[in-house]
1. Does residue 69 qualify as being surrounded by 10 or more Cβ atoms within 10 Å (Cβ to Cβ) and either assigned to a helix (DSSP H, G or I) or without any contact (Cβ under 8 Å) to a residue 12 or more places away in the chain (or both)?
2. I'd like the full set of residues that are surrounded by 10 or more Cβ atoms within 10 Å (Cβ to Cβ), free of Cβ contacts under 8 Å to residues at least 12 places away in the same chain and assigned to a loop (DSSP other than H, G, I, E, B), limited to the range 29-55.
3. Among the residues of the range 79-96, are any in contact with a strand residue (DSSP E or B) (Cβ under 8 Å, 6 or more places away or on another chain) and outside any helix (DSSP H, G or I)?
């Protein structure tokens, strides 16, 4: 097939057509900014069919990422708190049994 771009350049490429279409039948093709043929843009129905599963996958993944980030922060804070408690215990522990009045 052959077509002329908006800037006047002539392009040729292969295109799928209906079987039995006579030679010279006009068809619509989609091109990118450099004039290469690309597939047609997604229709509203197809976009909705793609958006549904995408949302169904993104929502749990986002929730898992938030949970994982919270788990990492919580784990680090607990380790820090335990280390601080250990330091305090080293100071207070030896005095624990010496509570003389």
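Coordinate-derived values only; no laboratory data. Keep in mind it's a predicted model, so treat the numbers as computed, not measured. Note that each Cβ is placed from the backbone with ideal geometry, even for glycine, and that neighbours are counted across all protein chains shown.
1. Details: surrounded by 10 or more Cβ atoms within 10 Å (Cβ to Cβ): yes; either assigned to a helix (DSSP H, G or I) or without any contact (Cβ under 8 Å) to a residue 12 or more places away in the chain (or both): yes.
Criteria met by residue 69.
2. The one that is surrounded by 10 or more Cβ atoms within 10 Å (Cβ to Cβ), free of Cβ contacts under 8 Å to residues at least 12 places away in the same chain and assigned to a loop (DSSP other than H, G, I, E, B): 42.
3. Taking the range 79-96 and keeping what is in contact with a strand residue (DSSP E or B) (Cβ under 8 Å, 6 or more places away or on another chain), we get none.
Checked the range 79-96: no residue is in contact with a strand residue (DSSP E or B) (Cβ under 8 Å, 6 or more places away or on another chain) and outside any helix (DSSP H, G or I).
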